[in-house]
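The values are calculated or read from the model by the stated rules, or taken from the named source; none is laboratory data. In this text, all values refer to a predicted model and were calculated from it rather than measured experimentally. Here the Cβ positions follow ideal geometry from the backbone for every residue, glycine too, while neighbour counts run over all protein chains shown.
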Amino acid sequence: MVTMVITSISSSTSEQTKSTPGIGWGGTGARPNGNGSRGPKGNGGGGDRNRSDFSPQQYRIGMWVVLAAVMMMFAALTSAYVFRADRTQSWQSFDVPSLMWVSTALILISSVTYEMARRALKKAQSAAYRTWLIVSLLLGLGFLVSQLLAWQQLVAQGIYLATNPHSSFFYLLTALHALHLILGVFGLSYLWLRTLQRVRHDRADRQGAAKEQARADAMGIYWHFMDGLWVYLFALLFLWR
Amino acid sequence: MEEATAATSGNVAVTETHAPVETSHHGPAAHHHGPPTSFIRKYIFSVDHKVIGIQYLLLAIFSAFVGMLMSVLMRVKLTWPNSSITILETIFPQGAPGGQMTPEFYLSLVTMHGTIMVFYVLTTAPQGGFGNYFLPIQIGAEDMAFPVLNMLSFWVTFVGLVVIIAAVFFEGNQALGTSALGMWLGGGGSGTVGPIGGWTGYPPLSALGKIAGPGQGAGMSLWIASIAIFCVASLLGALNFITTMLNMRTRGMSLMRMPLTCWSWFTTAILALLSFPVLLAAGVLLLLDRHAGTSFFIPGGLVVSDQLLPNKGGSPILWQHLFWFFGHPEVYIAILPGMGLTSHVLSTFARKPIFGYRAMVFAMFAIGLLGFFVWGHHMFISGMDPRTGMAFSVLTLSIGVPSAIKTFNWIGTLWGGKIHFTVPMLFAIGFVSLFVAGGITGLVLGQTTLDLAMHDSYFVLAHFHLVMGVAAIFGMFAGVYFWFPKMFGRMMNDTLGYIHFWPTFIGVYCIFVPMHAMGIVGMPRRYSSFEEYVFLARTEPLVLLVTIAALVTAATQFVFLFNFFWSLFKGRKAGDNPWNATTLEWTVSSPPPFDNFGGVVPVVYRGAYEFSVPGAAEDYTMQTEPDAESAAAVTHGELAQGEQGSSGNGHDGHH
């Protein structure tokens, strides 16, 4: 049987390997390149990085990855929506609840104010940063309240979740968007709480500032995305078809 | 119980942890984090990717044995329909009266076996387990990008597993099902067995609730909830994998120098990221149909249990589209990490560089990409425009091209190599064999005309069990045997390894090859009994053969279980690099220190598979070994920092 050929390499070599890697290369250890497996970019990769170094890329990449997942979820629901709307016999559209226009205005403005906050932070104007953060936060909460009132408008008209497919999708999509926006509100609150905390730190701490900026930038991507997502959902629910 | 086991092995994993060397260059403001000291932070709610990896692995091993037990029960029911297993009656008095499994009980086993195996074994172990443990080490990072999210991802998975086990008991146990919680979850359980719906949970059956019969009450709601929870956990994991790989590679670790395992985890993470949200959305729609009276999946005019349902105009096919848009990439989520690991192990034990490294990377991406455009081949029989069917068919068959590239490259790697038939190597070769054997029938089923005849027969069962079930499991076994010394500092027992491999390898072929024949004869899957089908009478000897093979194979797995836990304590001590392998995890101690590299940034000078380099003293060259050019550069002082950083033995070279 082939298996019996096996040699357990382990026992014989564990001693020597301990000394091999990495040492001895100033003098004798230099070796030829082997087998052409050098990467095309010899110096690619992580770069000259200390362990405690902060890489601002991390938050941004992470945020885009999160948003890719969010995008796929809403893409799936969109396809379900389009598919379902084609089965016309049971589809009954209703008109835009008037408060939705208010919500839309609120969330659009909050994107602008958030951008103001982000820029204030970039110019190290922490007071302005804090103010604009609060304003964006309040606008976000205002959006949520306005959405809730819009739901009540519909309920008053007798339109519920299970009334017809359009209302089912309407409540589902607005609820999922609101859920994501609530996460965003938590994010903004977190940033705001940090502004209170940061006073204790040394302002000249450059790494701390870069980290804060990276956080605010990543949060900005999320907040603007939620804004754009709302506009998209609004168009899908009421302007499409 | 899960927690207890996690704790024991975590203990083993980190005993040799030594605090990282206190470094001076950070400056006083740098937050230096040392290993946690409290038991709970260290072994249970740990943020260390290594502990989390082991937790995932143990969760998967536990789930795998539960799933395997269910498959054994199914075989027993099929072969000896009147056999009586008393313990079943104790747990499910109505599902198995007198210890005899009812057809509902069988269907419930089908459902739970599929769900637990696909989600909690095939998706957790290769990615959450090995990926968590080894991705950061192989790219030279000290941890994952977001350690806290990483911890959350494991514990959310754990909650999902608890929920799916609860689903069985809320549905199958009269007392629990009619409790307040059970009633709130979906009008109570049916009191007979667990949820029934297969791992695909097709509506309308799954969307109707208790009215639809046994297995459709509280248990079904919990089943859907468990899947949704699992989706969230997978997304958290995928987020971490992608960010870590893109952003935390160490100095010199260019993309094309990464081990193929890292590429496979990266591809898998992308697939998970883009497919799980779709399943999550579908799960939410299904729950709304069950609990809020919507009609996403429930068609109009449906009469169930002599009752006309009020729903209008929903489409069961919509679920199939959403489910399989996730379901097909899921197949690759299960198998891709195995492919990466197989490449890694084959190269290591053939003592040859991997054949066609770049082709391997691109083939992996091609498989992943094509995987998103072939979901329709699961639905040929659901009714489909023939032109659409043709498009799905052609795309499906084209996956054969990257798959063949990988297979030939594996053979090319073995060709003329100095092969060491170690236990991980045998499992890796077994993976190639099973992947070919199971993949080839994919070309049969991918054709619309043939699929119409074969659909939902044992042929399909044989196909996907070989290719995504057993092959992926072989990949995991290869991983356990290969990395066990690194994870726990001890070798697994070789003899027990061979005793595990051969019966398993022969056994799975004895189980699944006859199933092809049964499928061609016309045996439908998911039936609990074939006694009334005269045309299937002649398959009886095959059914018996399959069952005996299944029992032997299942029993053999306990050899593995024993070996695993025995070796934790009694295994031969392993050195840093027992296999003479080249990648970064073998440069550090076994098990690795808390921050993986003892505070030192490893520097990488070469690709991952430099075996038998002409002119080298050994038949392997570590990635950290500088080449002639870099050595020359250092003498001119250009890479001074790199020089000191590269030493993997603990002293801190920074100033």
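Which residue, of B:Trp483, B:Trp502, is under 23 Å from the mean Cα position of the chain (by Cα) and more than 20 Å from B:Pro337 (Cα to Cα)? Show your work before the answer.
Numbers: B:Trp483 fails: more than 20 Å from B:Pro337 (Cα to Cα).
Every option except B:Trp502 fails the conditions.
Based on what the data block shows, is B:Arg538 farther than 30 Å from B:Cys262 by Cβ and outside any helix (DSSP H, G or I)? Before the answer, list the steps.
Working: farther than 30 Å from B:Cys262 by Cβ: yes; outside any helix (DSSP H, G or I): no.
Judged against the criteria, B:Arg538 is not a match.
Assuming B:Pro602 fulfils every condition listed in (1) at pLDDT 90 or above; (2) surrounded by fewer than 24 Cβ atoms within 10 Å (Cβ to Cβ); (3) facing chain A (nearest Cβ under 9 Å); (4) within 30 Å of B:Thr37 (Cα to Cα) apart from one, which condition is it?
(2)
Which one is nearest to the other protein chains (Cβ to nearest Cβ) among residues in the stretch B:565-577 that are in contact with a Ser or Thr (Cβ under 9 Å, 6 or more places away or on another chain) and of a type in the set (A, V, I, L, M, F, W, C)? Spell out the reasoning first.
The initial filter retains those residues of the stretch B:565-577 that are in contact with a Ser or Thr (Cβ under 9 Å, 6 or more places away or on another chain), namely B:565, B:568, B:572-577.
Now drop any that are not of a type in the set (A, V, I, L, M, F, W, C), which leaves B:565, B:568, B:574.
On the way: B:Phe565: 20, B:Leu568: 17, B:Ala574: 6 Å.
Only one residue fits best here, namely B:Ala574.
Name the residue that is nearest to the other protein chains (Cβ to nearest Cβ), counting only residues in the stretch B:310-366 that are within 13 Å of B:Ala608 (Cα to Cα) and of a type in the set (Phe, Trp, Tyr).
That would be B:Tyr357.
Could you check the stretch B:215-250 and list, in sequence order, the residues that are over 22 Å from B:Thr294 (Cα atoms) and in a loop (DSSP other than H, G, I, E, B)?
Let us first name the residues in the stretch B:215-250 that are over 22 Å from B:Thr294 (Cα atoms), namely B:230-250.
Selection gives B:Met248, B:Arg249, B:Thr250.
Which one is farthest from the chain's Cα centre (by Cα), of the residues in the stretch B:251-269 that are at pLDDT 95 or above and not in a helix (DSSP H, G or I)?
So, considering only residues that are at pLDDT 95 or above and not in a helix (DSSP H, G or I), the one farthest from the chain's Cα centre (by Cα) is B:Met258.
For B:Met183, are the conditions met, namely being more than 13 Å from chain A (Cβ to nearest Cβ), more than 23 Å from B:Thr90 (Cβ to Cβ), free of Cβ contacts under 8 Å to residues at least 60 places away in the same chain and outside any loop (DSSP other than H, G, I, E, B)?
Numbers: more than 13 Å from chain A (Cβ to nearest Cβ): yes; more than 23 Å from B:Thr90 (Cβ to Cβ): yes; free of Cβ contacts under 8 Å to residues at least 60 places away in the same chain: yes; outside any loop (DSSP other than H, G, I, E, B): yes.
In short, yes.
For the stretch A:168-190, state whether one or more residues are surrounded by fewer than 18 Cβ atoms within 10 Å (Cβ to Cβ), closer than 30 Å to B:Lys312 by Cα and β-branched (Val, Ile, Thr).
no
Could you grab me the full set of residues in the stretch A:154-183 that are of a type in the set (Val, Ile, Thr) and outside any loop (DSSP other than H, G, I, E, B)? Can you show your working first?
First pass over the stretch A:154-183, keeping only residues of a type in the set (Val, Ile, Thr): A:155, A:159, A:163, A:174, A:182.
Answer for the stretch A:154-183, where residues must be of a type in the set (Val, Ile, Thr) and outside any loop (DSSP other than H, G, I, E, B): A:Val155, A:Thr174, A:Ile182.
Identify, by number, the condition in (1) crowded, with 19+ Cβ neighbours inside 10 Å; (2) within 27 Å of A:Phe83 (Cβ to Cβ); (3) of a type outside the set (Val, Ile, Thr) that A:Phe238 doesn't meet.
With respect to (1) crowded, with 19+ Cβ neighbours inside 10 Å; (2) within 27 Å of A:Phe83 (Cβ to Cβ); (3) of a type outside the set (Val, Ile, Thr), A:Phe238 is out only on (1).
With respect to B:Gly27, is the statement that it is under 29 Å from B:Leu551 (Cβ atoms), modelled with pLDDT under 90 and among the small types (Gly, Ala, Ser) true? Steps first, answer last, please.
Values: under 29 Å from B:Leu551 (Cβ atoms): no; modelled with pLDDT under 90: yes; among the small types (Gly, Ala, Ser): yes.
No, not satisfied.
Yes/no per residue for (1) free of Cβ contacts under 8 Å to residues at least 12 places away in the same chain; (2) within 8 Å of chain A (Cβ to nearest Cβ); (3) out of contact with any helix residue (DSSP H, G or I) (no Cβ under 7 Å at 6 or more places or on another chain):
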position: B:Trp579; (1), (2), (3): no, yes, no
position: B:Thr582; (1), (2), (3): no, no, yes
position: B:Glu585; (1), (2), (3): no, no, no
position: B:Gly598; (1), (2), (3): no, no, yes
position: B:Val613; (1), (2), (3): yes, yes, yes
position: B:Tyr620; (1), (2), (3): no, no, yes
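Kindly indicate whether A:Tyr222 is farther than 22 Å from A:Ile134 by Cα, of a type in the set (Ser, Thr, Tyr) and modelled with pLDDT of 95 or more.
Values: farther than 22 Å from A:Ile134 by Cα: no; of a type in the set (Ser, Thr, Tyr): yes; modelled with pLDDT of 95 or more: yes.
Criteria not met by A:Tyr222.
If you go through the stretch B:270-317 one residue at a time, how many are over 30 Å from B:Leu369 (Cβ atoms) and either over 32 Å from the mean Cα position of the chain (by Cα) or buried (at least 20 other Cβ atoms within 10 Å of the Cβ) (or both)? Reasoning before the result, please.
The initial filter retains those residues of the stretch B:270-317 that are over 30 Å from B:Leu369 (Cβ atoms), namely B:287-295, B:298-314.
If we keep only those that are either over 32 Å from the mean Cα position of the chain (by Cα) or buried (at least 20 other Cβ atoms within 10 Å of the Cβ) (or both) as well, we get B:288-290, B:292-295, B:298-314.
The number of residues fulfilling the criteria is 24.
Looking at the stretch A:88-123, which of its residues are of a type in the set (D, E, K, R) and surrounded by fewer than 17 Cβ atoms within 10 Å (Cβ to Cβ)?
Step one: list which residues in the stretch A:88-123 are of a type in the set (D, E, K, R), which gives A:95, A:115, A:118-119, A:122-123.
Those that are of a type in the set (D, E, K, R) and surrounded by fewer than 17 Cβ atoms within 10 Å (Cβ to Cβ): A:Asp95, A:Glu115, A:Arg119, A:Lys122, A:Lys123.
Of all residues in the stretch B:40-63, how many are in contact (Cβ under 8 Å) with a residue 12 or more places away in the chain and farther than 24 Å from B:Phe484 by Cβ? Spell out how you get there, then give the answer.
First pass over the stretch B:40-63, keeping only residues in contact (Cβ under 8 Å) with a residue 12 or more places away in the chain: B:42-63.
Pick out the ones that are also farther than 24 Å from B:Phe484 by Cβ and you get B:45.
Total meeting the criteria: 1.
Which of (1) over 23 Å from A:Leu176 (Cα atoms); (2) over 17 Å from the mean Cα position of the chain (by Cα); (3) modelled with pLDDT of 70 or more; (4) of a type outside the set (S, T, N, Q) is the odd one out, the single condition A:Tyr59 does not satisfy?
(2)
Residues to consider are B:Met151, B:Met101, B:Met117; find the one that is modelled with pLDDT of 90 or more and assigned to a loop (DSSP other than H, G, I, E, B). So that I can check it myself, show each step before the final result.
Values: B:Met151 fails: assigned to a loop (DSSP other than H, G, I, E, B); B:Met117 fails: assigned to a loop (DSSP other than H, G, I, E, B).
After applying the criteria, what remains is B:Met101.
Does the stretch B:216-230 contain at least one residue that is within 13 Å of chain A (Cβ to nearest Cβ), modelled with pLDDT of 90 or more, closer than 21 Å to A:Ala76 by Cα and surrounded by 24 or more Cβ atoms within 10 Å (Cβ to Cβ)?
Let us first name the residues in the stretch B:216-230 that are within 13 Å of chain A (Cβ to nearest Cβ), namely B:228.
Next, only the ones that are modelled with pLDDT of 90 or more stay: B:228.
Going one step further and asking which of them are closer than 21 Å to A:Ala76 by Cα, we end up with B:228.
Imposing the further condition that a residue be surrounded by 24 or more Cβ atoms within 10 Å (Cβ to Cβ) reduces the set to none.
No, that holds for no residue.
Considering each of A:Ala69, A:Ala75, A:Ala80, A:Ala128 in turn, give the residue that is within 14 Å of chain B (Cβ to nearest Cβ), surrounded by fewer than 16 Cβ atoms within 10 Å (Cβ to Cβ) and under 25 Å from A:Phe225 (Cβ atoms). Steps first, answer last, please.
Values: A:Ala69 fails: surrounded by fewer than 16 Cβ atoms within 10 Å (Cβ to Cβ); A:Ala80 fails: surrounded by fewer than 16 Cβ atoms within 10 Å (Cβ to Cβ); A:Ala128 fails: within 14 Å of chain B (Cβ to nearest Cβ).
Going through A:Ala69, A:Ala75, A:Ala80, A:Ala128 in turn, just one is within 14 Å of chain B (Cβ to nearest Cβ), surrounded by fewer than 16 Cβ atoms within 10 Å (Cβ to Cβ) and under 25 Å from A:Phe225 (Cβ atoms): A:Ala75.
Of the conditions (1) away from chain B (no Cβ under 14 Å); (2) free of Cβ contacts under 8 Å to residues at least 60 places away in the same chain; (3) of a type in the set (Phe, Trp, Tyr), A:Phe94 clears all except one; give me its number.
Status for A:Phe94: all satisfied but (2).
From the set of residues in the stretch A:53-66 that are part of a helix (DSSP H, G or I) and at the interface with another protein chain (Cβ under 7 Å from one of its Cβ atoms), which is surrounded by the fewest Cβ atoms within 10 Å (Cβ to Cβ)? First the steps, then the outcome.
Quick first cut of the stretch A:53-66, residues part of a helix (DSSP H, G or I) only: A:57-66.
Subset that is at the interface with another protein chain (Cβ under 7 Å from one of its Cβ atoms): A:57-58, A:61-62, A:65-66.
Numbers: A:Gln57: 14, A:Gln58: 19, A:Ile61: 20, A:Gly62: 21, A:Val65: 21, A:Val66: 22.
Of everything passing the filter in the stretch A:53-66, A:Gln57 is surrounded by the fewest Cβ atoms within 10 Å (Cβ to Cβ).
Looking at the stretch A:131-148, can you tell me whether even one residue there is surrounded by fewer than 20 Cβ atoms within 10 Å (Cβ to Cβ) and aromatic (Phe, Trp, Tyr)?
Checked the stretch A:131-148: no residue is surrounded by fewer than 20 Cβ atoms within 10 Å (Cβ to Cβ) and aromatic (Phe, Trp, Tyr).
So, in the stretch B:137-153, how many residues would count as being more than 12 Å from chain A (Cβ to nearest Cβ) and closer than 23 Å to B:Pro485 by Cα?
Looking only at that region, the number is 2.
Is there any pair with a first residue in the stretch A:164-177 that is within 10 Å of chain B (Cβ to nearest Cβ) and a second that is at pLDDT below 95 and crowded, with 21+ Cβ neighbours inside 10 Å whose Cβ atoms are under 6 Å apart and which are 6 or more apart or on different chains, and what are they?
A:Pro165/A:Arg84; A:Ser168/B:Thr294; A:Phe169/A:Tyr81
Please determine whether any residue of the stretch B:296-305 is among the aromatic types (Phe, Trp, Tyr) and more than 9 Å from chain A (Cβ to nearest Cβ). Show your work before the answer.
So in the stretch B:296-305, the residues among the aromatic types (Phe, Trp, Tyr) come out as B:296-297.
Now drop any that are not more than 9 Å from chain A (Cβ to nearest Cβ), which leaves B:297.
Looking through the stretch B:296-305, at least one residue is among the aromatic types (Phe, Trp, Tyr) and more than 9 Å from chain A (Cβ to nearest Cβ).
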